[in-house]
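Enquirer: Handing you a structure now.
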Amino acid sequence: AAFAQGGEPLGAVSVLAHRGASAYAPEHTFFAYDLAIEQDTDFLECDLQMTSDGVLVCVHDSSVDRTSDGSGDVEQLTLAELRQLDWGSWFATDDAGAAERFAGAQVVPFEEQLDCYTAANARLRFHIETKSPDSLGGAMEEELIRVLGARDLIPAEGPSPQTDPAIVQSFSRQSLEIVKDLEPRLATALLFAAPDQTNVTLVEALTGQLPDVADVMAPNAAWLAAHPLYVDAVHGNGGEVHTWTVDDATQMDRLLAMGVDGLFTNRPDLARERVDAA
Ligand code: G3P
Ligand code: CA
């Protein structure tokens with residue numbers, strides 16, 4: 001295969017709506033997802049936690065405290081208990097009516113997210129993060145693969161991260177190993193803030209080498225900005241680069257000039273504008 005060099009993405013650059021359009025609406029609610037789609041995102045980014053009764057839900061933190069009116073850890077609560085909470089009122093923006101508008105927002109089970117959007121929008125793709133999966137002994141990955149398989153979201157021939165409907169991302173290399181063992185056709189992305197020898201080694205960071213478990217490398221944008229040769233190095237090794245989390249137009253332009261293949265953003269409208277202008 002021919003891989004682009006010198007600041008070119010491998011294909012179209014993807015806008016990845018980080019927790020939905022979460023600059024404007026409470027993260028991981030249907031408000032945030034609907035708005036991201038209105039703003040022409042390519043992907044919905046989803047963080048997975050597992051409830052005490054084994055249901056995958058779209059929640060970033062291990063605890064419900066920050067983004068709901070409840071308290072406690074998701075893994076100690078049932079889905080029915082999460083459904084009792086208000087996931088919208090905490091959100092306040094400069095818009096004075098925001099808290100009222102979003103009051104009563106519901107937790108989003110991962111299967112409901114997929115069922116809501118796959119039927120309505122065949123172009124929409126999903127970038128799904130296994131959050132703190134290592135203590136669950138593979139249960140999160142198994143359930144994720146079951147849920148995707150039941151909806152024909154695992155490609156017959158994969159992985160093809162430029163076109164597949166779903167990419168599984170994690171900071172845990174072990175979690176991606178489990179995914180690849182169970183379902184090698186699923187595309188995967190390895191997240192890292194900086195090389196630390198557990199998820200990404202210094203050698204991999206310097207050479208752009210992809211570990212076997214990853215089709216996409218997903219560095220923090222601040223680290224990437226300080227390592228301008230990294231994108232070309234990953235492209236030279238046949239991988240893509242998706243970077244997080246970028247909400248500033250100047251920073252977006254700089255990363256696009258490096259040739260990144262995807263931008264995680266809380267502001268999909270701005271990312272769409274900058275990608276189209278690039
Ligand atoms: O998944 C990319 C980015 O979201 C990683 O950080 O903490 O927002 O999940 P976090
Ligand atoms: Ca995430």
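Enquirer: Rounded, prolate or oblate: which fits the range 134-204 when a ≥ b ≥ c are the square roots of the eigenvalues of the alpha-carbon gyration tensor, with rounded for a/c under 1.5 and prolate only if a/b beats b/c?
Expert: oblate
Enquirer: A further question follows. Compute the signed sum of charges (Lys and Arg +1, Asp and Glu -1) over the other residues within less than 14 Å, Cβ to Cβ, of D248.
Expert: Here the count lands on -1.
Enquirer: Between T245 and D115, what is 0.36 nm times their sequence separation minus the Cα-Cα distance? Round to one decimal in nm.
Expert: Separation in residues times 0.36 nm, less the Cα-Cα distance, equals 44.2 nm.
Enquirer: Would you work out if the range 46-141 is rounded, prolate or oblate? Take a ≥ b ≥ c from the square roots of the eigenvalues of the alpha-carbon gyration tensor; rounded if a/c is under 1.5, else prolate when a/b is larger than b/c, oblate otherwise.
Expert: oblate
Enquirer: Highest mean first, what order results for 264-271, 194-201 on Cβ atoms within 10 Å?
Expert: 264-271, 194-201
Enquirer: I would also like to ask the following. Would you tally the net charge around L206, using a Cβ to Cβ cut-off of less than 14 Å, leaving L206 out, and scoring K and R as +1, D and E as -1?
Expert: Net charge around L206: -3.
Enquirer: Can you tell me the dipole magnitude for the range 42-98 around its Cα centre, using point charges on the Cβ only (Lys, Arg +1; Asp, Glu -1), in Debye to the nearest 20?
Expert: Charge dipole of the range 42-98: 160 debye, to the nearest 20.
Enquirer: Sticking with this structure for a sec: Taking the Cα centre of the range 129-278 as origin, sum charge times position over the Cβ atoms of Lys and Arg (+1) and Asp and Glu (-1), and report the length of that vector in debye to the nearest 20.
Expert: Its charge dipole is roughly 180 debye.
Enquirer: Right, something else. When a footprinting reagent is the concern and you count Cβ atoms within 10 Å, what order do I37, I167 take, fewest first?
Expert: I37, I167
Enquirer: Ranking Y117, Y230 by Cβ neighbours within 10 Å, fewest first, what do you get?
Expert: By the 10 Å Cβ count, ascending, the order reads Y117, Y230.
Enquirer: Out of residues 5 or more away from A187 or on other chains, whose amide H comes under 5 Å of its own, with H placed 1.01 Å from N in the peptide plane?
Expert: S160, V168
Enquirer: Turning to a different aspect of this structure: Based solely on its DSSP helices, what 222 nm [θ] is calculated for the chain when runs of n ≥ 4 H residues each add -39,500 (n - 2.57) and the sum is averaged over all residues, nearest 500 deg cm²/dmol?
Expert: When only DSSP H runs of four or more count, the value is -9000 deg cm²/dmol.
Enquirer: I'd like the distance separating the alpha-carbon centroids of the range 50-90 and the range 8-31, in whole Å.
Expert: The range 50-90 and the range 8-31 have Cα centres separated by 22 Å.
Enquirer: Size of the dipole of the range 44-201 about the Cα centre, Lys and Arg at +1 and Asp and Glu at -1 on the beta carbon, nothing else charged, in debye to 20?
Expert: With Lys and Arg at +1 and Asp and Glu at -1, about 440 debye.
Enquirer: OK, next. Which order do the peptides 64-76, 12-24, 139-151 come out in when sorted by mean C-beta neighbours inside 10 angstrom, highest first?
Expert: So the order, starting with the most tightly packed, is 12-24, 139-151, 64-76.
Enquirer: List the residues of the range 165-190 whose backbone N lies under 20 Å from a point placed 7 Å from the Cα of V203 along the Cα-to-Cβ direction.
Expert: Within reach of a label on V203, which here means backbone N under 20 Å from a point 7 Å along Cα→Cβ, the range 165-190 contributes 173-174, 177, 190.
Enquirer: Using alpha carbons only, how many angstrom separate the centre of the range 96-119 from the centre of the range 171-225?
Expert: The range 96-119 and the range 171-225 have Cα centres spaced 30 Å from each other.
Enquirer: Here's another thing I want to ask about it. Out of all DSSP beta bridges in the chain, what portion is antiparallel? Express it as a percent rounded to 5.
Expert: Bridges in the chain are about 15 percent antiparallel.
Enquirer: For the Cα atoms of the chain, what angle does the longest principal axis make with the long axis of helix 268-277, in degrees from 0 to 90, nearest 10?
Expert: Helix 268-277 and the main axis of the chain meet at about 20 degrees.
Enquirer: Rounded to whole Hz and in sequence order, give me ³J(HN,Hα) for the range 145-162 from the Karplus expression 6.51 cos²θ - 1.76 cosθ + 1.60, θ = phi - 60°, writing x for Gly and Pro.
Expert: Running phi through 6.51 cos²θ - 1.76 cosθ + 1.60 with θ = phi - 60° gives 5, 4, 5, 5, x, 5, 10, 6, 9, 9, x, 4, 10, x, x, 9, x, 6 Hz.
Enquirer: Counting only DSSP beta bridges with both residues in the range 107-241, tell me the antiparallel percent, nearest 5.
Expert: In the range 107-241, DSSP labels about 0 percent of beta bridges as antiparallel.
No lab work stands behind these numbers, since they all come straight from the coordinates. This structure is a prediction, so every number in the text was calculated from the model and none was measured. Note that each Cβ is placed from the backbone with ideal geometry, even for glycine, and that neighbours are counted across all protein chains shown.
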